[in-house]
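Reviewing the structure listed below.
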Amino acid sequence: NAGVTQTPKFQVLKTGQSMTLQCAQDMNHNSMYWYRQDPGMGLRLIYYSASEGTTDKGEVPNGYNVSRLNKREFSLRLESAAPSQTSVYFCAIQAHEQFFGPGTRLTVL
Amino acid sequence: EDQVTQSPEALRLQEGESSSLNCSYTVSGLRGLFWYRQDPGKGPEFLFTLYSAGEEKEKERLKATLTKKESFLHITAPKPEDSATYLCAVRGNTGGFKTIFGAGTRLFVKA
């Protein structure tokens, strides 16, 4: 039982490149979330999916897109990366409390 | 708008020196106040949920309490392994499935 897994763990991009961050869960929960965490700013919600087939914007959605592929998987895509997207990205699922993945550390040069 | 403010930003303690972390919040209809622990390079790990003023929960050296405006995380006789960032978060009636996080308190416990 892995809980919440994220790939990749680390990534370096050049400005303008695209990439997809992958998240998968084996806890059979409906709600899945993408956050970014920056020093001094806490966790900020990018997008979430309350159930399979639905997605909604969070606090900081600009520059990102998401896909809820099925109940297990929720991906985050950066179409044209910018240095301001350098951050640590966490995927989470929610029962009542949230369970987080290990994070993806992204640097955009 | 739901908001969470944590203080202090950082706290340095000697081993055995008890203290408290503060979480001030504003929320429309509290559905839950959450405490998480985050170690460097890892995702947050759930500690407690509190639902109503007056409620308390304990786990080892940690005790969380809740009033209508604040929550405290009391750390009794801390050990170096308690060093981490502690995050407070709230979910309210108007936020739907959203949880609002504070910026966290970084705790350093020196042996």
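Which value, in debye to the nearest 20, gives the size of the charge dipole of the protein assembly as shown about its Cα centre, when Lys and Arg are +1 and Asp and Glu are -1 at the Cβ?
Working: 25 positive and 22 negative charges, 65 e Å.
Its charge dipole is roughly 320 debye.
Quick one: net charge around residue B:80, please, counting Lys, Arg +1 and Asp, Glu -1 for every other residue with C-beta under 15 Å from its C-beta.
0
Sort B:69-81, A:22-34, A:3-15 by packing, meaning the average of other beta carbons within 10 Å per residue, with the highest value first. Display every interim value, and only then the final one.
Working: B:69-81: 16.2, A:22-34: 18.7, A:3-15: 14.1.
Answer by packing, highest mean first, reads A:22-34, B:69-81, A:3-15.
For a paramagnetic label modelled at 7 Å from the Cα of residue B:20 toward its Cβ, which residues of the range B:68-106 fall within the zone defined by backbone nitrogen distances under 14 Å?
Output list for this probe position: B:68-76.
For q values of 0.09, 0.12, 0.22 Å⁻¹, compute log₁₀ I(q)/I(0) with the Debye formula on a Cα-only model of chain A, without solvent.
Per q value, in the given order, log10 I(q)/I(0) is -0.20, -0.35, -1.21.
How high is the relative contact order of chain B, in percent, with contacts defined as C-alpha pairs under 8 Å that are six or more residues apart? Walk me through the numbers on the way to the answer.
Values: 289 pairs, mean separation 42.0, N = 111.
It rounds to 38 percent for chain B.
Who wins for biggest fluctuation among B:37, B:91, B:61 in a Gaussian network model of chain B, springs between alpha carbons below 10 Å?
Its mean-square fluctuation being the largest, the pick is B:61.
The range A:40-84: D in µm²/s via Stokes-Einstein (Kirkwood Rh, Cα pairs, 25 °C, 0.890 mPa s)? Before the final figure, lay out the partial values.
Numbers: Rh = 11.5 Å.
Diffusion coefficient, whole number: 214 µm²/s.
Positive end of the dipole of the range B:1-69, charges at C-beta (+1 Lys, Arg; -1 Asp, Glu), about the Cα centre: which of B:8, B:34, B:19 has its Cα farthest in that direction?
B:34
What accessible area, summed over both chains, is buried at the A-B interface (1.4 Å probe, Å², nearest 100)?
Values: alone 5740 and 6350 Å², together 10530 Å².
The summed interface area works out to 1600 Å².
With the alpha-carbon atoms as the only input, what is the per residue convex hull volume for the range B:1-53 in Å³?
Values: hull volume 6.7 nm³, N = 53.
Convex hull of Cα atoms, per residue: 127 Å³.
Compute the projected area of the convex hull of the Cα atoms of the range B:13-90, averaged over all viewing directions, and report it in nm² to one decimal place.
Details: hull surface 20.4 nm².
The Cα convex hull of the range B:13-90, projected and averaged over all directions, gives 5.1 nm².
How large is the charge dipole for the range A:1-59, taken about the Cα centre, if only the Cβ atoms of Lys, Arg (+1) and Asp, Glu (-1) carry charge, to the nearest 20 debye?
Once rounded to the nearest 20, the dipole reads 260 debye.
Per residue, what accessible area does chain B have, given a 1.4 Å probe and all protein chains present, in Å²?
Working: 5560 Å² over 111 residues.
Accessible surface, normalised per residue, equals 50 Å².
Can you give the extra length, in nm with one decimal, that the chain gains between residue A:28 and residue A:96 once fully stretched, where that is 0.36 nm per residue apart less the Cα-Cα distance? Walk me through the numbers on the way to the answer.
On the way: separation 68, 0.36 × 68 = 24.48 nm, distance 1.33 nm.
Residue separation times 0.36 nm, minus the Cα-Cα distance, leaves 23.1 nm.
For chain A, give the magnitude of the charge dipole about the Cα centre (Cβ charges: +1 Lys/Arg, -1 Asp/Glu; no others), in debye to the nearest 20. Don't skip to the end; give the middle numbers.
Numbers: 10 positive and 8 negative charges, 51 e Å.
In total the dipole reaches around 240 debye.
Given the C-alpha centroids of the range A:1-74 and the range A:84-100, what is the distance between them in whole angstrom?
Between the Cα centre of the range A:1-74 and that of the range A:84-100, the gap is 7 Å.
Residue A:100: net charge of surrounding residues, Cβ under 12 Å, Lys/Arg +1, Asp/Glu -1, itself excluded? Before the final figure, lay out each step's value.
Values: positive: B:37, B:42; negative: A:97, B:39, B:45.
That works out to -1.
The values are calculated or read from the model by the stated rules, or taken from the named source; none is laboratory data. Source: prediction; values computed, not measured. Here Cβ is always computed from backbone atoms with ideal geometry, including for glycine, and neighbour counts include all displayed protein chains. Note: areas computed on protein heavy atoms with side chains; ligands, DNA, RNA excluded. Shrake-Rupley method; radii C 1.70, N 1.55, O 1.52, S 1.80 Å.
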